[in-house]
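Notes to accompany the following structure.
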Amino acid sequence: MKVSLHQSGDWRLQVVEPDRPKTVWFDRLDGGLEGRVLDRWQRPQPNAVGWTHALSIVLPEHHLVTIPNDGDRWDDVRWLPTPHTGEHVAFEVSLVTPGLGIMSCQELVLNGGRFAVMDALELASGDVALVLALTLKTDEVEAVAIARCEAVAAHNLPSAAEFDRSPQLGPRYLVHGVSSDGRRRYYDLAFTQRD
């Protein structure tokens, strides 16, 4: 899958290769039945200091799993420390217009959170695409959202005949969520949670 943040403001999550083996989707995010676009939205307005939130990918700590016999090399991956029990990581993708002001992470740090800049890319427009990893304590609101997504995933669990759920393959769910302000939040969940 890929996320496309077109300069026109047409933003979307889509399947790159719909016929690729091992890729199965069981419920489209937009309710449609055909095509490779799973979710589509318009670019929101930036805040007062030029930050436009694009999307979040939330990974709860209890959905980190080891893939047995994983022989792939991961030399080019940027790694984060494992979140503690009761935490989650939110990978936040934003477009930032430089020179309009600053964003403060003081509240995040004061509340025990941690953040890391995973990557930044200057765009042709002069804006910067920024990926942050925010490690946060899972509060009650987020715990309810995660539980809702886990229930959706459990309800849509494919049969073994439809999908190979072997831990060696590392199968994952991507469950869609939209905040009340229209922000996209995708929850990255394991088929099998660790105990």
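The values are calculated or read from the model by the stated rules, or taken from the named source; none is laboratory data. What you are looking at is a predicted structure, and each value in this text was computed from that prediction instead of being measured. Because the Cβ atoms are built from the backbone with ideal geometry, glycine has one as well, and the counts that use them run over all protein chains shown. Surface areas here come from the heavy atoms of the whole protein model, side chains and all, with no ligands, DNA or RNA. Shrake-Rupley method; radii C 1.70, N 1.55, O 1.52, S 1.80 Å.
Can you go through 16, 24, 96, 37 and tell me which one is touching a Phe, Trp or Tyr at 6+ places or on another chain (Cβ under 9 Å) and at pLDDT below 90?
After applying the criteria, what remains is 24.
So which residues in the range 164-178 are within 16 Å of residue 13 (Cα to Cα) and surrounded by fewer than 16 Cβ atoms within 10 Å (Cβ to Cβ), if there are any at all?
178
Quick check on my filter: what residues within the range 49-86 are touching an Asp or Glu at 6+ places or on another chain (Cβ under 8 Å), open to solvent by 60 Å² or more (accessible area, probe 1.4 Å) and closer than 22 Å to residue 186 by Cβ?
Across the range 49-86, the qualifying residues are 57, 78, 82.
Step by step: first the residues of the range 87-107, then only those that are surrounded by 10 or more Cβ atoms within 10 Å (Cβ to Cβ) and of a type in the set (Val, Ile, Thr), then the one that is farthest from residue 131 (Cα to Cα). Which residue is that?
97
For the range 100-125, give me each residue that is out of contact with any Leu (no Cβ under 9 Å at 6 or more places or on another chain) and over 19 Å from residue 54 (Cα atoms).
Within the range 100-125, 106, 107, 109, 110 qualify.
A quick yes/no check of all residues on (1) touching a strand residue (DSSP E or B) at 6+ places or on another chain (Cβ under 7 Å); (2) not hydrophobic (A, V, I, L, M, F, W, C):
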| site | (1), (2) |
| --- | --- |
| 64 | no, no |
| 70 | no, yes |
| 106 | no, yes |
| 125 | no, yes |
| 128 | yes, no |
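Just the residues that are in a loop (DSSP other than H, G, I, E, B) and either in contact with a Leu (Cβ under 9 Å, 6 or more places away or on another chain) or at positive phi (or both), please, taken from the range 48-64.
Those that are in a loop (DSSP other than H, G, I, E, B) and either in contact with a Leu (Cβ under 9 Å, 6 or more places away or on another chain) or at positive phi (or both): 48, 49, 50.
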